[in-house]
Structure formats: structure tokens, C-alpha cells
Amino acid sequence: MGVIGDPITQAKTPAAINPLFAERGADIACVPLHVPASDLHNIWVGLKAMPNLIGFGITLPHKQTAVELCDSLDPVAARVGAVNVVRRERDGSFRGYQFDGKGFVSGLLAKHVVIEGRDVLLVGAGGAAVAIAFALVEAGARSITVSNRTVDKAEALAETVNAGFGRGVAKAGRAEPQAGALVVNATSLGLKETDALPLDAGLLQPGMTLAEVIAQPETTPLLALAAKNGVQVHSGIHMITGQVGLIADHLCELWG
Ligand code: NDP
């Protein structure tokens, strides 16, 4: 299998998933493939023509474009509007799947972070945030407040989630967590040392949990400040760990 993206050197999936294939006794190896956006269409045709390529992970900037290129979509990928794993099905077709949300939830549960019955403050409204919002509601979160720099996107995300579940579980709002909230940074802020904080760290209090999507650095400045305030913290690295286990099982189900 491959992992496609641009840039690609930062991709953590190959190192994380290859030992899982070995553990499962599967003759599968994952390699990073540098695919610039301008070449995606041509390379996609080439990937499909390689009979021993069982699928590939997808990272930035191809997750949305891949929706159009897949032969079919899993309902979760269709709902989120982004694909992060393509699997070659038995008939040779490429089907798009989405593991960001499930991986995030799996990472939380593996570390015994409570989701059920919790109010969530979701900061960010990009592709990762959409996937996470759906997965958290599915996992039993009581409410989701979406806060984003571009307010229209927060409102659109809340509407999409409410339409998906047929009830008013999500709303757009300010980045001010309620007592006991599960706070999620689903923005890209924290990747670079010079980034601003995604929200005011002073609002994070004991009893809350702060979960990151940023995996590199493993401890973001916001995570460090939250830990200092006595808040339960959860690194973005667990989202990767949560995902690769699910993805390895998914690929091995057909090709292991
Ligand atoms: P998108 O580009 O779709 O969304 C980016 C989000 O960050 C938007 O909400 C955007 O706000 C916000 N943002 C970006 N810059 C700023 C800024 N300067 N100030 C305020 N808000 C800002 O990206 P994704 O949703 O796909 O990914 C988000 C992050 O999640 C990335 O860092 C990615 O690496 C990480 N990720 C981690 C995974 C893991 O396994 N750990 C898996 C998937 C993603 P606006 O809408 O206003 O532009």
C-alpha cells in the first residue's frame, strides 16, 4: 500500500502501520509516495493499473479531491466529504473510506477518555473537524459547540451534523468551554512554533479534557499549558495510533 500526499516526508502512517501488518502475518508493506496536486489525476490512473497495490492512505492536500476520483464511497466518507483511505476491492475498483473520526474516537477510548454524555467544544471546522464531530456524536457526546475563525464554516458544520443525526446536537458558538467539557483542537494551529493558540488556555480548568489533532509536536504549546492548569490532556499522536489499527484490520480483511 502507499500513502499519498504533498509534502510526504512528515507522514507517520508507514512507520506506524508496517509493524501491524507484520503482527497480523500479512505480506503488505506501506510506503510514502510523493504526489503533487497537479499530478494527482495521472498518478491515480497509474496506481489503479498496478495490480499488487491494495490501496493507499491519503493526506493533505488530496482528501477532498479523492472523493471525485474514487469509484465508490463508503457512507462515512460520503457524509464527511473527504477520503483518507482508498482500498482496492475484489473487483479491482477503488473505494474511498474515512477513518479520521473513528481513529480519533478509538484513540480517546484507548486512553479511557470519557465521551458519553459530555459537552464538546470543537475548535476548527475543516475536514478533520467534520469527521470528528460525526464520530463524537456517534460515540455518545451530548452536545457539540463548533468554534472556528471562519464562522460560516462553523455554522455549516453544525447544520451538517444536525441534518445527519436528525436532531439539534450541534451549534456554532464561541471558544468558551463549559465545565467538564471535552475540548478538541481540530485546527492546524500548533504545527508551527510561531502559531497562535487555538483558544485562550486560561479557560481550560480541571475536570475538562483537552484533545489535540496535532501529532507533531507530540506536546503542543496548548497541551502543555492545559496540563499545567490540571486539565486531562490527550495528544494527537493517539489519533494516528487509533487509526492505523483500524486501517490495518480493514486492509487485511480483504488482502491480509
Ligand atoms: P483544514 O485545512 O481542512 O482545516 C484547517 C482548520 O484550521 C480550519 O478550521 C481553519 O480555520 C483552522 N485554521 C488554520 N489556520 C488558522 C489560523 N491561523 N487561525 C485560526 N484558525 C486556523 O485541515 P484538516 O481539518 O484536514 O486538518 C487540521 C489539522 O488536523 C492538521 O494540522 C492535520 O495535520 C491534523 N490532522 C491530524 C490527524 C491525526 O491523525 N493526528 C489526522 C487528520 C488531520 P478556517 O476555516 O477559518 O480557515
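The values are calculated or read from the model by the stated rules, or taken from the named source; none is laboratory data. All of these numbers come straight from a predicted model, not from anything done at the bench. Quick reminder, even Gly has a Cβ in these numbers, built from the backbone with ideal geometry, and neighbours come from all protein chains shown. For accessibility, only protein heavy atoms count, side chains too; no ligands or nucleic acids. Shrake-Rupley method; radii C 1.70, N 1.55, O 1.52, S 1.80 Å.
Give the relative contact order (percent, whole number) for segment 111-256; include only Cα pairs under 8 Å separated by 6+ residues. Computed value for segment 111-256: 19 percent relative contact order.
I'd like the trypsin sites (Lys or Arg not before Pro) in segment 110-217 restricted to DSSP loop residues with at most 16 other Cβ atoms within 10 Å, sorted by number. Those satisfying the criteria are Lys111, Arg142, Arg149, Arg167, Arg174, Lys192.
Protection proxy ranking, highest mean first, for peptides 22-32, 74-84: 74-84, 22-32, where packing is the per-residue count of other beta-carbon atoms within 10 Å, averaged. For a straight C-alpha distance cut-off of 19 angstrom, the lysines reachable from Lys192 (same-chain residues fewer than eight places away being disregarded) are Lys12.
Please report, as a whole percent, how much of the solvent-accessible surface of the chain comes from carbon and sulfur atoms (probe radius 1.4 Å).
Working: 6350 of 11680 Å².
About 54 percent, which is the carbon plus sulfur part of the accessible surface.
Which loop-located GluC sites (Glu not before Pro) does segment 142-220 contain, where loop means any DSSP state but H, G, I, E or B and the Cβ has at most 14 other Cβ atoms within 10 Å? The qualifying sites are Glu193, Glu218.
Projecting the Cα atoms of Gly117, Ala154, Thr59 onto the charge dipole of the chain (Cβ charges, centred on the Cα centre) puts Gly117 farthest toward the positive pole.
Rounded to the nearest 10 degrees, the angle from helix 237-255 to the longest Cα principal axis of the chain is 30 degrees.
Per residue, the average separation of C-alpha pairs within less than 8 Å and at least 6 apart gives the chain a relative contact order of 17 percent. Solvent exposure of segment 163-256 amounts to 48 Å² per residue of accessible area, where only protein heavy atoms count and the probe is 1.4 Å. The mean sequence distance of close C-alpha pairs (under 8 Å, at least 6 residues apart), as a share of the length of segment 1-94, puts its relative contact order at 31 percent.
Give me the aspartates and glutamates in straight-line cross-link reach of Lys111: C-alpha distance below 19 Å, same-chain residues under 8 apart excluded. Answer for Lys111, where 19 Å is the Cα cut-off: Asp100, Asp119, Glu138, Glu212, Glu218, listed by chain and number. The angle between the Cα long axis of helix 127-138 and the longest principal axis of the Cα atoms of the chain comes to about 70 degrees, rounded to the nearest 10. In the chain, helices alone account for a calculated mean residue ellipticity at 222 nm of -11000 deg cm²/dmol, with every DSSP H run of four or more residues adding -39,500 (n - 2.57). In the chain, the longest principal axis of the Cα atoms and the axis of helix 151-165 are about 70 degrees apart.
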